[in-house]
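What follows is a set of notes on a single structure, which appears directly below.
Read the figures in this text as sums done on the coordinates, not as results from a lab. Note that this is a predicted model, so its numbers are computed, not measured. All Cβ positions, glycine included, derive from the backbone under ideal geometry; neighbour counts span all protein chains shown.
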2 protein chains.
Amino acid sequence: MKEINQIVIIGSGNVATHLSLALKEVEKEILQVYSRTAANAKILAGNVEANFTTEPEEVAGNADLYIIAVSDDALIQVAERINFNNNLVVHTSGSATIDVLKNFSSNYGVFYPLQTFSKSRKVDFSEIPVCIEANNIENIERLKSLALSLTDKIYFIDSEKRRTLHLAAVFASNFSNFMYSIAQKIVQDNELDFDMLKPLIQETAEKVQQVLPEDAQTGPAKRGDEMIMKLHVEMLKDYPEYQELYRILSEGIGKMDFD
Amino acid sequence: MKEINQIVIIGSGNVATHLSLALKEVEKEILQVYSRTAANAKILAGNVEANFTTEPEEVAGNADLYIIAVSDDALIQVAERINFNNNLVVHTSGSATIDVLKNFSSNYGVFYPLQTFSKSRKVDFSEIPVCIEANNIENIERLKSLALSLTDKIYFIDSEKRRTLHLAAVFASNFSNFMYSIAQKIVQDNELDFDMLKPLIQETAEKVQQVLPEDAQTGPAKRGDEMIMKLHVEMLKDYPEYQELYRILSEGIGKMDFD
């Protein structure tokens, strides 16, 4: 099995950035960063001691691995302009299937880190699950070996399951962050400090590390406390969208029964 | 100022339990626990070395403080059957006003710990914000002194602001937990392990300890990735309620602009 040492990063967004930094930290060589935006490419390349290009045609042909971390919309467009010389190519998408890459190299796969990345925030990669898929066993082994240098939370799941996981992750992360945002909006509009809610948010997330969410549910909707729910709906009269959302979510919690 | 030492707890639910345990730990004496459910009263009383009663009329009259931690629906019903001898009485409700207690004692207030409590889980009270309100300055000082024995996160806010905070907390905690639950349902139905989502949930909550939620938002709706959103809606065809919710939440994220 040929170890992966030299890597080209395609993309310069949140996933590309955090993955490059983590790989650099475990002594992998980032050969090159490609991004259509020169400024972003330059910053990331600088941070991982790589060169950069904004031209797909100028991407180096001799890497052990190409990691395409761009939006699903751009994935095929950028892949078809790069010559991978049949080296191993992976994407990092939760929702794109493995097959989107099969026309571009005879060695391809998926390397999906299940986490929410923001450039401003350092993450501990050893806590991040990585989902791996590849076109053959050797490539799975190579990707596994690479992933093991970052984390021991490695999962081998197919494209359909990864898609499902990604959908669940949207609820677990993006939508729960939206709930925090609505809370932020409400406290800010009333001259209260969002800091007051931080321990609550932290504990809510920590609780489900031990207890399943369905068993961790608390609050007026769970207790069926109609008086408070009515009051809350009334208080939301100036936020018609959140008022409607409050009703729908409370009703959903009331009906929740997963057994 | 007369220090609060002897306390009667009215209620035996999550808040009553955690607050009693925390107060016992800082050397306060729990005189008595009242609950209409004998079994619950007995368990809690046993844990804090108190006696217990299921009769409001048998509640001891000589406590420094009565903490009523029952549902808002039951609050007045239980208070009007107890003789507080004009000693200090507080409730722990986020939404009930301070005034609901004014007919029952000439010393009254609110002691609202802003946290999600589950009996199965120990919480660190020093991380919990406590919101205090009382009918006069001396009672505020007495409650402040008590609160300081538990936490240094003390806030003095009136009933209206506390209500607003509670509403925000429902979004930040109860509704985000419901998002986790939907994610749990989706992974379970597809034979994936909820464990895979735990680091993501943790990081999502940790991120907003540093960055405001509106700036921490990630995901397909934030990026305007129509292709993935369409796919996700299609994947949710067997969950009509969550499908509708996905649409509403994605639209809400798309429109989010708090500045």
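For the reader, a short list of remarks on this structure follows.
- Relative contact order computed over segment A:6-157 (Cα-Cα under 8 Å; 6+ residues apart), in percent: 19
- DSSP bridge pairs, segment A:6-157: antiparallel proportion in percent, nearest 5: 20
- Amide H contacts of B:Ala134 (H built 1.01 Å from N, in plane; Pro and chain starts excluded): B:Val110 sit under 5 Å, all sequence-distant by 5 or more or on other chains.
- Taking every residue in B:76-89 and counting other chain Cβ atoms within 10 Å of its Cβ, the average works out to 0.
- Between 0 and 90°, nearest 10: helix A:159-169 axis offset from chain A longest Cα axis: 40
- Choice from B:Ser176, B:Ser120, B:Ser105 with maximal GNM fluctuation in chain B (Cα, 10 Å cutoff): B:Ser120
- Only Lys, Arg (+1) and Asp, Glu (-1) charged, at Cβ; chain A dipole about Cα centre in debye: 280
- Principal-axis analysis of the Cα atoms of chain B puts helix B:38-47 at an angle of about 80° to the longest axis.
- Rounded to 5, the percent of DSSP beta bridges in the protein assembly as shown classed as antiparallel: 20
- Taking every Cα-Cα distance in segment A:112-255 and sorting them into 10 Å bins from zero, the calculated P(r) comes out as 9, 28, 31, 18, 11, 3, 0 percent.
- Between segment B:67-139 and segment B:5-50, the alpha-carbon center distance in angstrom: 14
- Selected from A:Gln202, A:Gln32, A:Gln115 as most flexible by GNM, with chain A as the system and alpha-carbon contacts under 10 Å: A:Gln202
- Its residue count N sets the reference 2.2 N^0.38 Å, and the alpha-carbon radius of gyration of the protein assembly as shown equals 1.13 times that reference.
- Share, in percent, of DSSP beta bridges within chain B that are antiparallel, nearest 5: 20
- Positive minus negative residues near A:Leu44 (Lys, Arg vs Asp, Glu; Cβ under 12 Å): +2
- Counting, for every residue in A:246-253, the Cβ atoms of other protein chains within 10 Å of its Cβ and taking the mean gives 5.
- Listed residues A:Ile82, A:Ile137, A:Ile43, most fluctuating in chain A (Gaussian network, C-alpha, under 10 Å): A:Ile137
- Compared with the dominant principal axis of the Cα atoms in chain A, helix A:226-235 is inclined by about 70°.
- Look at the alpha carbon pairs under 8 Å that are at least 6 residues apart: their mean separation over the length of segment A:1-58 gives a relative contact order of 33 percent.
- With contacts taken as Cα pairs under 8 Å and at least 6 residues apart, chain A reaches a relative contact order of 13 percent.
- Within-9-Å neighbourhood charge of A:Ser118 [Cβ basis; K, R +1; D, E -1]: +2
- Segment B:6-157 shape via C-alpha gyration tensor axes, a/c threshold 1.5: rounded
- Residues of type lysines that B:Lys222 reaches as a straight line, Cα spacing below 18 Å, ignoring anything fewer than 8 places off in the same chain: A:Lys119, A:Lys185, B:Lys207, B:Lys230, B:Lys255
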